[in-house]
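A quick write-up on the structure given underneath.
The values are calculated or read from the model by the stated rules, or taken from the named source; none is laboratory data. Bear in mind the structure is a predicted one, so any value in this text is a computation, not a measurement. Methodologically, a virtual Cβ is constructed for each residue, glycine included, from the backbone with ideal geometry; neighbour enumeration extends over all protein chains shown.
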Amino acid sequence: MTIYKSVPPVNKSDTGDLLRKAGLVIPLILGMFCLIVPFLPTEHSGNLPLFSLLGRFHPLILHFPIVLILLLALSVFAGRFHASLKHPVLTKALLLLACISSFVAVLAGYLLYLTEDYAGQLINNHLIGGVLTGFFISLATFVYFFNEKGVLAFGIWIYHGFLMASTVSLGYTSHIGGSLTHGADFLTEPLELLFPPSSSLPDKPMEEMLIYGDVVATLLDAKCVNCHNENKTKGGLLMNSHDALLKSGDGGKPAVVEGKPEESEMVVRMLLPPDHEDRMPPEGKPGLSENEIALVKFWIEKGAPEDMTVGDLDEDSDINRSLAAMLPQINRTRHKIALENEAFEEVRKELEQLAEKINVRISLDEKAEGKSFDLKMKFPPRPFSNEELLALAPYASYFSSISLASADIGDDELFFIGKMENLERLYIPKTSVDGSGLPYLVHLEKLKEINLSFTSLKGGNALHLLEFPNLNKVYIYGTSVGKDVIQALQERKKSTEFILEEGPNY
């Protein structure tokens with residue numbers, strides 16, 4: 001006789017109670033932990049390889065809460081149109097997964113912050129945004145489970161409110177994360193192309209535009225003036241005004257010979273092969289197009305007049321048709337240059353005030369390729385350290401030369417200097433820099449010269465100098481770096497000159 005043992009039926013009530021308890025306890029615990037994260041230490045001593053490994057999973061993990069929270073927001077929106085689209089069991093599962101994955105993403109993000117070289121307001125905002133996202137989705141989860149039987153009068157609206165808050169916080173945090181990875185203007189840059197900002201420069205009818213003042217000068221401003229201006233006259237050629245174009249350069253030849261484009265030094269250099277050392281602009285920089293050069297030659301042939309307008313041209317001429325095709329781009333360039341000049345002038349005024357406040361000298365850098373500033377310590381040197389560098393941080397991209405001789409800075413402060421993406425020369429002699437912070441600077445592609453004389457530079461840390469891509473000169477006199485290390489550096493990096501001299505202070 002076969003005996004069948006009866007299997008006790010699954011008690012759905014018990015399963016439901018267990019799920020409800022989980023839905024109440026888990027979000028409360030994880031929500032509280034999320035709020036604790038901003039108060040945890042962000043600095044550590046020694047190596048934490050396990051924490052570093054776990055932290056590097058943050059970019060992978062963060063996609064889970066993003067998808068889950070957006071699905072929950074979509075389900076609420078869709079459910080308002082049709083009741084059949086509401087699935088309480090699925091919603092509960094998504095909420096719990098979103099709550100847990102948000103906490104794990106926040107924890108991994110904190111570990112990444114702790115163990116990697118992150119600092120600044122942007123990373124702090126990203127962390128706070130992540131914490132708020134985790135906290136709000138935890139509250140939304142708790143309210144949904146707590147109000148399962150409708151015990152709260154406005155429970156569903158409270159749930160929707162917290163879910164909306166978590167969605168908004170998620171969007172903000174994702175934007176900050178994109179800015180950290182791709183730059184602060186990652187999202188807004190395409191908008192400037194779609195909706196270009198207008199400058200104070202008035203628009204002109206096409207026929208009233210000056211061939212020189214509005215067209216040729218714009219082309220030269222965009223492609224040539226950064227190397228041929230009152231601060232930097234490469235080859236002795238000054239090209240930032242009509243009068244300057246008619247004057248001779250170092251070679252005794254003027255940039256423009258009225259009526260003779262073939263004798264005009266500007267045109268001659270524009271037509272040289274791209275790899276020729278005298279070509280203008282030099283190799284690696286965008287030059288004028290064939291149509292733009294043809295326009296410049298036409299203007300010179302006509303005597304390089306300052307008052308000729310587009311309306312003076314023959315309507316059926318090739319040059320007029322070519323100019324009509326170029327004008328939209330030229331107009332955009334005119335406004336862009338005007339905006340850049342206005343912004344630069346505003347920054348110059350702000351830096352003037354800041355220089356007075358932190359007691360340094362800030363002036364236009366005459367040696368730089370473009371428009372930028374030079375910062376020098378006053379003599380005798382006043383206190384200058386982390387606080388002053390933080391004040392300069394919003395203007396980091398405007399500096400091409402920094403001189404902090406005898407300043408109270410060390411290797412940690414090199415992190416802030418590393419944000420100065422256009423830096424060409426750095427003078428930090430007689431500081432406590434030992435070289436451990438040099439990796440903060442290795443990505444500065446424009447950095448050509450650095451003075452480390454009379455610093456605490458160590459031989460091992462000096463090897464980081466091999467990683468600098470375009471360094472020409474390094475002054476390391478009066479350091480503990482041995483001659484054998486200097487010789488090895490010179491042999492390994494022949495393009496860089498390692499100089500045992502005190503070197504310049506600015």
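Evaluation of Leu132 against the conditions (1) surrounded by fewer than 18 Cβ atoms within 10 Å (Cβ to Cβ); (2) on the phi < 0 side of the Ramachandran plot shows that the sole unmet condition is (1).
Selection of segment 349-361 for residues being free of Cβ contacts under 8 Å to residues at least 24 places away in the same chain and within 17 Å of Ser400 (Cα to Cα) yields Glu352, Ala355, Arg361.
Restricting attention to segment 489-506, the residues that are assigned to a helix (DSSP H, G or I) and out of contact with any strand residue (DSSP E or B) (no Cβ under 7 Å at 6 or more places or on another chain) total 2. What pairs can you find where one residue is in segment 139-155 and closer than 15 Å to Lys21 by Cβ, the other is part of a loop (DSSP other than H, G, I, E, B), and their Cβ atoms are less than 9 Å apart, with a gap of 6+ or different chains? Pairs found: Phe146/Leu152. Filtered by the rule that a residue be among the aliphatic types (A, V, I, L, M), farther than 17 Å from Asp434 by Cα and not in a loop (DSSP other than H, G, I, E, B), segment 452-488 gives a lone residue, Ala488. When Trp299 is tested against (1) among the aromatic types (Phe, Trp, Tyr); (2) surrounded by 17 or more Cβ atoms within 10 Å (Cβ to Cβ); (3) not assigned by TED's automatic domain parsing to the domain that holds Glu258, exactly one condition is not met: (3). Of all the listed residues (Glu387, Glu366, Glu342), the sole one being under 28 Å from Ser453 (Cα atoms), assigned to a helix (DSSP H, G or I), of a type outside the set (Gly, Ala, Ser) and over 20 Å from the mean Cα position of the chain (by Cα) is Glu387.
The residues in segment 404-417 that are within 12 Å of Leu390 (Cα to Cα), buried (at least 19 other Cβ atoms within 10 Å of the Cβ) and not acidic (Asp, Glu) can be counted, and the count is 3.
Annotation note: of Ser397, Ser401, Ser432, Ser436, the sole residue that is over 27 Å from the mean Cα position of the chain (by Cα) and either surrounded by fewer than 16 Cβ atoms within 10 Å (Cβ to Cβ) or not aliphatic (A, V, I, L, M) (or both) is Ser432. Quick one: is Ser174 crowded, with 22+ Cβ neighbours inside 10 Å and in a helix (DSSP H, G or I)? It is false that Ser174 is crowded, with 22+ Cβ neighbours inside 10 Å and in a helix (DSSP H, G or I). Set side by side, the residues Ile319, Ile330, Ile300 differ, and just one is without any contact (Cβ under 8 Å) to a residue 60 or more places away in the chain and either more than 20 Å from Ala244 (Cβ to Cβ) or of a type in the set (S, T, N, Q) (or both), which is Ile319. Is it true that Val268 is buried (at least 19 other Cβ atoms within 10 Å of the Cβ) and modelled with pLDDT of 80 or more? Criteria not met by Val268. Within segment 371-384, the residues that satisfy the criterion of being part of a loop (DSSP other than H, G, I, E, B) and surrounded by 15 or more Cβ atoms within 10 Å (Cβ to Cβ) are Lys371, Ser372, Pro381, Phe384.
Among the residues of segment 36-95, which ones are over 19 Å from Ile26 (Cα atoms) and of a type in the set (Lys, Arg)? Those that are over 19 Å from Ile26 (Cα atoms) and of a type in the set (Lys, Arg): Arg56, Arg80, Lys86. From the set of residues in segment 460-498 that are within 21 Å of Ile409 (Cβ to Cβ) and over 28 Å from the mean Cα position of the chain (by Cα), which is surrounded by the most Cβ atoms within 10 Å (Cβ to Cβ)? The residue in question is Ile476.
Scan segment 52-91 for residues that are more than 27 Å from the chain's Cα centre (by Cα) and surrounded by fewer than 12 Cβ atoms within 10 Å (Cβ to Cβ) and the total you get is 8. Looking at Leu426, Leu441, just one residue is out of contact with any strand residue (DSSP E or B) (no Cβ under 6 Å at 6 or more places or on another chain) and either buried (at least 18 other Cβ atoms within 10 Å of the Cβ) or not hydrophobic (A, V, I, L, M, F, W, C) (or both), and that residue is Leu441.
For segment 393-408, the criterion of being among the β-branched types (Val, Ile, Thr) and assigned to a loop (DSSP other than H, G, I, E, B) is satisfied by no residue at all.
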